[in-house]
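**Q** Sharing a structure with you now.
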Amino acid sequence: LAGLWTVFTLGGVGSKATPQLEQCSPLANQSLLLLLVLANLTDAPDTPNPYRQAIMSFKNTQDNTAFSSSNPHAFQINFNSLYTALCEQQKSDQATLLLYMLLHQNGNVRTYVLARTDIESLV
């Protein structure tokens, strides 16, 4: 209970990103906001949102399974680097929203995060 109270009183989850973080990497911050906006645009009646399709289907570079190029929006990223970056930026609302979106829409990311033994660093 004391830990939960500390989160609320010291501005843990849901707090704004510190000005230092935004000033250190304004391009990264703006890029993340743009990615979130693009990935959450509604689908056209005849064409699905390509940004959402890419978010839903990217794979780990360290995965041993064959990379299928049948999806035109498919790409690979190092999940360890992504996980580390998300852990470091969890005081940012944008990073938390990206994590939420990845966990709910990309089964590969969800499986990777659930398999980690250091999940407490993310939570």
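The values are calculated or read from the model by the stated rules, or taken from the named source; none is laboratory data. Owing to the predicted nature of the structure, the values given are computational and were not obtained by experimental measurement. FYI the Cβ positions are ideal-geometry reconstructions off the backbone, even for glycines, and counts take in every protein chain you see. Each accessible area value is taken on the protein alone, full model and side chains, heavy atoms only, with ligands, DNA and RNA left out. Shrake-Rupley method; radii C 1.70, N 1.55, O 1.52, S 1.80 Å.
**Q** Suppose we keep only residues that are under 16 Å from Phe79 (Cβ atoms) and in a loop (DSSP other than H, G, I, E, B) within region 90-123. Which one would you say is least open to solvent (accessible area, probe 1.4 Å)?
**A** So, considering only residues that are under 16 Å from Phe79 (Cβ atoms) and in a loop (DSSP other than H, G, I, E, B), the one least open to solvent (accessible area, probe 1.4 Å) is Asn106.
**Q** Moving to a separate point now. Looking only at region 12-41, count how many residues are modelled with pLDDT of 85 or more and among the hydroxyl-bearing types (Ser, Thr, Tyr).
**A** Residues that pass the stated criteria total 1.
**Q** Check region 42-50 and report whether any residue there is under 25 Å from Ile119 (Cβ atoms) and at pLDDT 90 or above.
**A** Pass one, region 42-50, residues under 25 Å from Ile119 (Cβ atoms): none.
No, region 42-50 contains no residue that is under 25 Å from Ile119 (Cβ atoms) and at pLDDT 90 or above.
**Q** Of all residues in region 36-50, how many are under 14 Å from Tyr100 (Cα atoms) and not aliphatic (A, V, I, L, M)?
**A** The number of residues fulfilling the criteria is 1.
**Q** Further question: Six or more apart or on different chains, Cβ atoms under 8 Å: show the pairs whose first residue is in region 111-123 and within 18 Å of Met101 (Cβ to Cβ) and whose second is of a type in the set (S, T, N, Q).
**A** Correct list of pairs: Tyr112/Asn60; Leu122/Gln90.
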